[in-house]
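The values are calculated or read from the model by the stated rules, or taken from the named source; none is laboratory data. Quick caveat, the model's predicted, so the values are computed rather than measured. Cβ placement follows ideal geometry from the backbone for every residue including glycine, while neighbour counts extend to all protein chains displayed.
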Amino acid sequence: MTMARLIFPTILSCIIAYLLCGIPFGLLVARAHGVDVRKVGSGNIGTTNVARAAGVGASGLTLLLDAGKGFVSMMIARLIIPAMGQVEVKAIAPDQPSGIVIAIVYVACICGHVFSCYLKFHGGKGIATGFGAALAFKWQIALCLLVVFLVVVLPTRFVSLASCSAAASLPILGLIFGVAPVSLIPLAAVAALVIWAHRSNIRKLLKGEEKRFSFNSERKA
């Protein structure tokens, strides 16, 4: 009965998360700096390409907004689902079987960013949004994702490699931090979506053609 009551609020939360996380903040921020980020570098609207196209300030704001929309979407879900489903907040905690509903909203966040309805179902690659959503899902996992990202990106300067490494670690971290087994499936889906979004970067990495990260590299060129 508990899960039946949670179906509608979960669907509503997923719709909100998809629409909110679909907002292309990278495109809007870069445009405010006089750049169409879709026509620069990789053409991606994410933080890395905004950094290359418009500099550190623009990329920092994009990172904050993209992470923020993931965090806010998850927090809205954590308020709506128990209230509308008439269950206690702790009933949808990540370590509870019913916590799968929040994990499903996590997937909706990534889908919104990667397949934005405002950009004809194109978008970014989900790292910043995924990190923000992870903070609201289980902050310990989010911090470990950041550590994995930094451990890879600092010596290599390959943001794509660091992003894929962090994504691949998500279901493993979920298992380590006691996420309910049923919720590991949505976490694996999040990881798969993020890695899939980096498929062109993976091909370049394998061919030795991937660019190392630097600010304003396109403008300098």
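Within region 1-33, restricting attention to residues that are modelled with pLDDT of 90 or more and not in a helix (DSSP H, G or I), the residue that is nearest to V101 (Cα to Cα) is G22.
In region 1-27, which residue that is surrounded by 16 or more Cβ atoms within 10 Å (Cβ to Cβ) and either in contact with a Pro (Cβ under 9 Å, 6 or more places away or on another chain) or without any contact (Cβ under 8 Å) to a residue 60 or more places away in the chain (or both) is nearest to A77 (Cα to Cα)? That would be P9.
Within region 82-124, being of a type in the set (A, V, I, L, M) and over 21 Å from the mean Cα position of the chain (by Cα) holds for A83, M84, V87, V89, A91. Count of region 38-93 residues, restricted to those that are crowded, with 17+ Cβ neighbours inside 10 Å and of a type in the set (K, R), is 4.
Quick check, is L143 surrounded by fewer than 19 Cβ atoms within 10 Å (Cβ to Cβ) and within 22 Å of G41 (Cβ to Cβ)? Taking the combined requirement at face value, the residue does not satisfy it. Selection over region 173-190 of residues that are farther than 12 Å from I110 by Cβ and either of a type in the set (D, E) or crowded, with 24+ Cβ neighbours inside 10 Å (or both) gives a count of 3. Can you go through V72, V87 and tell me which one is part of a loop (DSSP other than H, G, I, E, B) and farther than 22 Å from R157 by Cβ? Criteria check complete, one pass: V87.
Among the residues of region 125-141, those that are assigned to a helix (DSSP H, G or I) and more than 11 Å from the chain's Cα centre (by Cα) comprise A136, F137, W139, Q140, I141.
Checking L170, L193 one by one, the residue that is in contact with a Leu (Cβ under 7 Å, 6 or more places away or on another chain), of a type in the set (A, V, I, L, M) and crowded, with 19+ Cβ neighbours inside 10 Å is L170 and no other. Across region 177-200, a minimum of one residue is classified as part of a loop (DSSP other than H, G, I, E, B), over 21 Å from G112 (Cβ atoms) and not small (G, A, S).
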